[in-house]
Amino acid sequence: MVLLVTTSAVRAGEIAAAERRIERAAETARASIVTVFTEKRSGWDLTGVVVGARDVVLTLRKPLLEKGGGFRRDLRIRFPGGGKTVPAEVMVDDEEMNIVLLRAVGGRGRTIKPRPTRDVSLGMWVVLVGNTFSSGRESEPVVSLGIVSGIHKRRDGTMTFHASTLVNPGSFGAPVVDLDGGLLGILGAAVTGAGGQSVVIPYETVRKRFAKSRKAARILGAKPYPRPRASSVADLFGKVMEAAARTARDAVVGVRSGKPLSESAPNAGKPSERPASETPPKKEKPKNKSEPPGGPRRPRPPAPARVPGAREGHDRSSGIAVAEDLVVCPLRVTGWPGPRRQLTIDSPDGSSSTATVLGTDERLRLALLRVRGGGLKSCRAAPESAAGLAAGRFVAAIGYPHGNPGSQHAHVTFGIVSRVEALAGIHPALHAIQTDAGISGGNRGGALVDLEGRVLGVILDVNDTSGLGYQNPTRRGAYGPNAGLGFAVPVEVIMAVLPRLKAGATLKPGRLGVSLTADRDGVHVRSVAKESGAAAAGVMAGDRITKLNGKSVPDMAALRRILAEKAAGDELLVTIRRKNRELSLKVTLR
Amino acid sequence: MRACLFLIVLAGSVAAGPETDLEKALTRVRALESEIVEVIKKAAPAVGAVVNHRTLLDPATGVVSMRPRSLGSGVVITRDGFLLTNVHVIEGAGYLTVTLPDGVTYPADRHADTSGGRVKGDIAVLKLRGRRHFPFADWRAGDPKRLKPGAFVFAMGNPHGHALDGTPVVTMGILSAKGRAAADKRYLYVGALQTDAEINPGNSGGPLFDSKGRLIGINGLMQSRAGRSNSGVGYAIPIEQVRLFLRRMMRNEGEMGYGFHGLSVDTAPGEKGARVARVEANSPAQEAGLRRGDVITRVNGKRISNRADYLNHAAQLPERTIVRVQYLRRRKRRNTHYKLVSYDAYLKSVGRQRRDPSRPYPLHERGYLGAHWALKRGAIVLTRILSGTGAAKAKLESGDLVVSLGGHDIGADPKALVDALARLPAGADIAVEIERDGARRSVTVSLCDARDAAELDE
């Protein structure tokens, strides 16, 4: 009982404690940000941060340049809280890193506490404070919360990291701070194709790059960084997230598709020389630089012909290892619905190996691959079923977002369970888990995990519903990068079909072969298709379907849910009511 | 919940002996997680998915139908079923339904909204029917003024129709900023809350809750630049702004609006305040003595240092509010006050009309003949008279040939017939000249509401 009491005491107000920490961080950072703009106000503003000395501002370099090169002469800096606007002059800049130090002539701000790179850890909460959409012109700056999604070492020994804070025009150059409001880095760029992923240039990197300039070095100083104290639940969150991400990402692999396997590709016989006006096919960029054995390096290898069906943007995805040589990945990356393609698996230990397709599930749009050589680390599945999840549970999405340059490790974004049993009537994965964690192209096939790094589901491409008989009600691309609408097929659904896929099955949506209407009494058969399973079993128009496999079906949703678990070729016991008689018919789905 | 926690504690202490740092951290983060789950559980039952069934008219036949056309969200704010949503969610609605998390779809009536101003406000109140007591989120409890940027917020609703079964989709984020004047051409968004909790089409009208599950705003607008950046910029109308209207809205049906000042302002360069760029003739501001070039520095005691401040503190006030204005004229401080009027009242006072009489009414407001028609042998012939409508009362019969409507010859053009009706509201009378058995006669038909004659098509 005592235990219970103490736990409750800890538990009470954790949410308020976490909030306070984020609010304070935002407030601290806000005092040190400035708006950087040109007097003519062309384009979006930039955000800058006061570092080192009270009149020195760090921001991005390129937006401050004239068209022909050279800095613009009308640079201005506006201090926060309705502060002064003063002219700015360039102190020192670094073209490669795209950073610049400006001096605010006659202006003074509040310097921000710096943080070293070692304080950046995967999964920690970070706060961005910037002039999103030039908010600094009239109103307050904008605050956004994210996590450190990935950390990348550069060749020169410095590093950059990715954060899932929002990226919008106006906030470039904005400080990304830890929960103490200490400067970890500034927002350098958006990762193209991976929504909600920003590249952050760490402060320590800035200091190293400017070490050559004596003036800058004197200002930025080399004092030891103050060590922050991490004890609130918001700080502990980072630790837990990091452990979860590290556990889970060992089982998340990258999947790449190459040339089509079969020579009998639909356009193989056709003449392939086309005038240059046709869109040039995308050049393949293998991640590992090893040359294929045999043959000298040709100056320009012929690009592979485009294969119909293998769509743009479907040549890369993530996958989850479910055994040491088995990987579940999105069906699209295998070339479906076109011919199968060569597949390469990039495992988290840095090695690459080829893979072949064992079985496919066209309902869930997933494929099971056998990886040559094996040696993968199998994922840990979450013990509870997806239906037991509640909205609000913390989740992390782990995968390889598209366009992540040179990331060996999967990235991690954070969110909550937005609802369970999502996608009813939209996608066959009817029990999908919905999340607001940032999902983008290459995350497809990645893992949605809980706080202990256990897999709750496989991230689904919700835009990919074509040919399933379900209508995606929204415009194409509505689920754009980081729209906050991500979906995952629960791991138990995948585990249930795994034996069949291992045995080489091709699971297609199972159809009864009837058209149905529903009213208050239940589901009625309107018509029966000729040569369908239902027709063969003797289902007739006008019948009311009461049960499927013994489970009652009061409405269309219940019926769909049961059908979703079945594949073509499966047998289904259909109980119908026909003129006060109850009949049970065995229908083979086709 | 309690039992569950107990288990965690036991597992921690029995299995591992002394807890590692990570386990301790996990316990606390789990506690945070379960608090969030509880907040969502508490708030979610009041959130509804709104379906707007629009009225459609087939000009070739005169058949009116209603189809679910657009989706949105809303939140129940009183026990007896007042629901808060956006005007843009319910615009053009033939009829409205709201599905709550209990899975039940309730019919809803338009009650009042803020579309009466010069620029429309985006606050609407519906009244749900079909249940005595509804679960509700208290509209008096939340206080966004006391929240700081960085506070956790939860947006709930029906993005892209994903919550049509009633269970809302929840996204979590933080309060990014307050007092934002968002750029929207159609509706006035001033003093808005900004959040990085993801708001998508369909979330409109849905609630924004704080970390205690209190209603702090109504989500209505998002900003994104596709391709270049992600979303993560959502705007909500703060509940304190809604409260300025709400009592009146629940008491009275119909339209009201943000009050009309008759001012347009910009930010004075190098000066603190909102500079008056224009004052409309006979407006409250003009009558109170404000002139072009004056710099407004305070409104109702609130300091105004730029145009955004003016929008946030002055433009958000409802009609019939008294406004005290402090301003500078030739560097001299002056004070004045005036009472905001409704835009309609202002227009009437200057002898203008809000509606341009040559503009057609939207379909759900215009009058409906109450008959179907078809083009036969080069003339418009009535094919069916709907019972209970003006056409039936005027004893029109199927087979009658329509010669003219309100004095306009119809000829063989169904479009001319639709156009002749489009400029009359429901309830108006129109002279219909028909030809029956070779004889022409004229009758007066009282136009009905198209929604009453619609074929329900779901």
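The smallest convex shape that holds all Cα atoms of region B:257-305, its convex hull, gives 79 Å³ per residue.
Tell me the trypsin sites (Lys or Arg not before Pro) within region B:39-125 that lie in a loop according to DSSP and have at most 14 other beta-carbon atoms within 10 Å.
B:ARG79
Size descriptors for region A:23-219: radius of gyration and Dmax over Cα atoms are 15.1, 42 Å. Rounded to two decimals, the Cα-based Rg/Rh of region A:514-588, with Kirkwood Rh, is 0.91. The protection proxy used here, the mean number of other Cβ atoms lying within 10 Å of each residue, ranks peptides A:23-35, A:488-500, B:241-253 as follows, highest first: A:23-35, A:488-500, B:241-253. The convex hull of the Cα atoms of region B:30-174, projected and averaged over all directions, covers 11.2 nm². Taking all protein chains in place and a 1.4 Å probe, what share, in percent, of the accessible surface of region B:367-456 do carbon and sulfur account for? Its accessible area is 46 percent carbon and sulfur atoms.
The C-alpha atoms of chain B define a longest principal axis, and helix B:2-15 lies at about 40 degrees to it. All distinct Cα pairs of region B:263-349 go into the 1/r average, and the inverse of that average, the Kirkwood radius, is 12.8 Å. Taking the square roots of five times each eigenvalue of the Cα gyration tensor of chain B, the equivalent ellipsoid has semi-axes of 48, 35, 17 Å, listed largest first.
When both region A:500-555 and region B:89-110 are represented by their alpha-carbon centers, they are found 32 Å apart. Charged neighbours of A:GLY542, selected by a Cβ distance under 9 Å, balance to +3 (K, R count +1; D, E count -1). The HN-Hα couplings worked out from phi for region B:296-309 by the Karplus form 6.51 cos²θ - 1.76 cosθ + 1.60 (θ = phi - 60°) are 7, 10, 9, 10, 6, x, 8, 6, 10, 10, 7, 4, 4, 4 Hz, whole numbers, x standing for Gly and Pro. Here region A:107-181 is treated with +1 on each Lys and Arg Cβ and -1 on each Asp and Glu Cβ, and its dipole about the Cα centre works out to around 320 debye.
Note on region B:74-122: Rg/Rh from C-alpha atoms, Kirkwood Rh, equals 0.99. Couplings 3J(HN,Hα) of region A:233-247, computed from phi: 5, 5, 6, 5, 3, x, 4, 5, 4, 4, 4, 5, 5, 5, 4 Hz, in residue order, whole Hz [Karplus 6.51 cos²θ - 1.76 cosθ + 1.60, θ = phi - 60°; x for Gly and Pro]. Centre-to-centre, using Cα atoms only, region A:568-590 and region B:113-130 are separated by 50 Å. Projecting the Cα atoms of A:VAL129, A:VAL143, A:ALA53 onto the charge dipole of region A:23-219 (Cβ charges, centred on the Cα centre) puts A:ALA53 farthest toward the positive pole. Simple spin-label estimate for A:MET540 and A:ASP349 gives 6.5 nm between the two label positions (7 Å along the Cα-to-Cβ direction from each Cα). Surface composition of region A:514-588: carbon and sulfur make up 46 percent of the accessible area, probe 1.4 Å. Highest mean packing first, where packing is the average number of other Cβ atoms within 10 Å per residue, the peptides A:197-207, B:285-295 line up as A:197-207, B:285-295. For the pair region B:40-77 / region A:100-126, the C-alpha centres are spaced 48 Å from each other. Computed across region A:503-548, the Kirkwood hydrodynamic radius from all distinct Cα-Cα pairs reaches 11.7 Å. In region B:367-456 the Cα-Cα distances spread across 5 Å bins starting at 0 as 3, 16, 28, 31, 17, 5, 1, 0 percent of all pairs.
Site pair B:LYS332 and A:ASN580 shows an inter-label distance of 9.8 nm when each label is modelled 7 Å from Cα along Cα→Cβ. Computed from Cα positions, the angle between helix B:239-251 and the longest principal axis of chain B comes to roughly 40 degrees. Only helices enter this figure: runs of n ≥ 4 DSSP H residues, each worth -39500 (n - 2.57), summed and divided by the residues of chain B, yield -5000 deg cm²/dmol at 222 nm to the nearest 500. Under a 5 Å amide H cut-off, with hydrogens placed 1.01 Å from N, B:MET222 pairs with B:TYR235 among residues at least 5 apart or on other chains. Projected label points at A:MET556 and B:SER264, each 7 Å from Cα along the beta carbon direction, are separated by 4.9 nanometres. Residues whose amide H comes within less than 5 Å of that of A:PHE172, counting only those at least five positions distant or on another chain, are A:THR47 (H built at 1.01 Å from N in the peptide plane). Distances between placed amide hydrogens fall under 5 Å for A:THR546 paired with A:THR575, A:ILE576, A:ARG577, all partners being 5 or more residues away or on another chain.
Our coupling estimate for region A:66-78, obtained by passing each phi through the Karplus curve with A = 6.51, B = -1.76, C = 1.60 and θ = phi - 60°, is 5, 4, x, x, x, 6, 6, 8, 9, 6, 10, 10, 10 Hz, Gly and Pro reported as x.
The values are calculated or read from the model by the stated rules, or taken from the named source; none is laboratory data. Computed from a predicted model, the values in this text were never measured in an experiment. Because the Cβ atoms are built from the backbone with ideal geometry, glycine has one as well, and the counts that use them run over all protein chains shown. These accessible areas exclude ligands, DNA and RNA; they are computed on the full protein's heavy atoms, side chains included. Shrake-Rupley method; radii C 1.70, N 1.55, O 1.52, S 1.80 Å.
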